[in-house]
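Written out below as structure tokens is the structure these notes cover.
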Amino acid sequence: MTVNIDGRECVFEQGEYLLEIAARNGIFIPRFCHHPGLSGQACCRVCVVETELNGRGAVVTACVYPAQDGMTVKTNSERIKKLRAGVLGLLAARAPASDRVNMTLSYVGGTLPERYIKEEDEKCILCGLCVRACESIGTGAISAVGRGTGKKISTPYDEPSEDCVGCLSCASVCPTSAISYTQTDEERQIWGRCFELVKCESCGAVIGTREEIEHSLNRAEKTGGIPDKQEKLLCESCRKKAAADVFAKAYGFGG
């Protein structure tokens, strides 16, 4: 099956979304709330595109809209430019301190509304990716709290959460770098808590926090993948090397 995106015929398989098809074919569509590991957001509305099929047109969000055979898509029409600029103007008003939002606003030629909705140091656009990432690892330490212009992402009652394991999943998926943390050789601080860092027993690289590792071990046990807690704590690189050494020894490679 094929879909025409900005004059380019693109082959796709049933169920693929417009955004991933465009990206695979080198066609850039701005977006913020999309993450390959956490699909289905469609809340920032920056990836809107114009579609036409069998004479019927529509404006859709490319990240969650499945392509259809014979569809024509315009990612940068005058209509889309105007809509996208308006959306980005609102996001920039919400998060005026976000370099990425402001750069994208400039890229599409949008303008900032006269009044800021949030404080001038705000970066969060309330996309919800951080909350979903936290939920996906089974902790649920953060959530959206408040209403209207006071809505924000935080821990319960803005207090240090006992459920947080300091894994940085939330910070790693944040598109605007709104979640801050500090880290030294020995500890990491995030969401008002301080976590001891655990290092690889082979190379000394940071593996994660002690709470994060314990949480992972507990989840593995519940799903039947019971790990050997007596084994050395190794980083991913050292685990691969150790596995390769075992394989080589078993089959007599490398002398």
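The values are calculated or read from the model by the stated rules, or taken from the named source; none is laboratory data. Computed from a predicted model, the values in this text were never measured in an experiment. Cβ coordinates were reconstructed from backbone atoms using ideal geometry, including for glycine residues, and neighbour counts include every protein chain displayed.
General remarks:
- Filtered by the rule that a residue be of a type in the set (S, T, N, Q) and either more than 14 Å from residue 135 (Cβ to Cβ) or at pLDDT below 95 (or both), the stretch 150-160 gives a lone residue, 154.
- Being touching a helix residue (DSSP H, G or I) at 6+ places or on another chain (Cβ under 6 Å) and touching a residue at least 12 places away in the same chain (Cβ under 8 Å) is true of residue 143.
- Restricting the stretch 132-158 to residues that are surrounded by fewer than 17 Cβ atoms within 10 Å (Cβ to Cβ) and of a type in the set (Val, Ile, Thr), the residue that is nearest to residue 213 (Cα to Cα) is 137.
- So residue 21, is it modelled with pLDDT of 95 or more and either assigned to a helix (DSSP H, G or I) or not aliphatic (A, V, I, L, M) (or both): yes
- Pair list, Cβ under 6 Å, 6 or more apart: the stretch 69-81 residue under 13 Å from residue 6 (Cα atoms), other residue part of a loop (DSSP other than H, G, I, E, B) and at pLDDT 95 or above: 75/6; 75/29
- Cβ-Cβ under 8 Å pairs, at least 6 apart or on other chains, the stretch 20-38 side closer than 22 Å to residue 103 by Cα, far side crowded, with 18+ Cβ neighbours inside 10 Å and basic (Lys, Arg): 30/84
- Hey, residue 19 within 19 Å of residue 123 (Cα to Cα) and of a type outside the set (Lys, Arg) or not: no
- Subset of the stretch 207-225 [of a type in the set (A, V, I, L, M) and either at pLDDT 95 or above or under 22 Å from the mean Cα position of the chain (by Cα) (or both)]: 207, 213
- Residue in the stretch 32-42 that is among the hydroxyl-bearing types (Ser, Thr, Tyr), assigned to a loop (DSSP other than H, G, I, E, B) and not assigned by TED's automatic domain parsing to the domain that holds residue 178 present: yes
- Residue in the stretch 176-185 that is modelled with pLDDT under 75, exposed (fewer than 11 other Cβ atoms within 10 Å of the Cβ) and not in a helix (DSSP H, G or I) present: no
Results for (1) closer than 20 Å to residue 12 by Cα; (2) surrounded by fewer than 15 Cβ atoms within 10 Å (Cβ to Cβ), shown as yes or no for each residue.
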{"site": "26", "(1), (2)": "yes, yes"}
{"site": "33", "(1), (2)": "no, no"}
{"site": "40", "(1), (2)": "yes, yes"}
{"site": "43", "(1), (2)": "no, no"}
{"site": "60", "(1), (2)": "yes, no"}
{"site": "65", "(1), (2)": "yes, no"}
{"site": "83", "(1), (2)": "no, no"}
{"site": "98", "(1), (2)": "no, no"}
{"site": "113", "(1), (2)": "no, yes"}
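- Any hit, the stretch 192-200, residues being under 21 Å from the mean Cα position of the chain (by Cα) and hydrophobic (A, V, I, L, M, F, W, C): no
- Residues satisfying the stated conditions in the stretch 124-173, i.e. more than 15 Å from the chain's Cα centre (by Cα) and charged (D, E, K, R): 147, 151, 152, 158, 159, 162, 163
- Just one of the numbered conditions (1) at pLDDT 95 or above; (2) under 24 Å from residue 144 (Cβ atoms) is not true of residue 49: (2).
- Within the stretch 115-131, the set of residues being among the acidic types (Asp, Glu) and either surrounded by fewer than 16 Cβ atoms within 10 Å (Cβ to Cβ) or at pLDDT 95 or above (or both) comprises 119, 120, 121.
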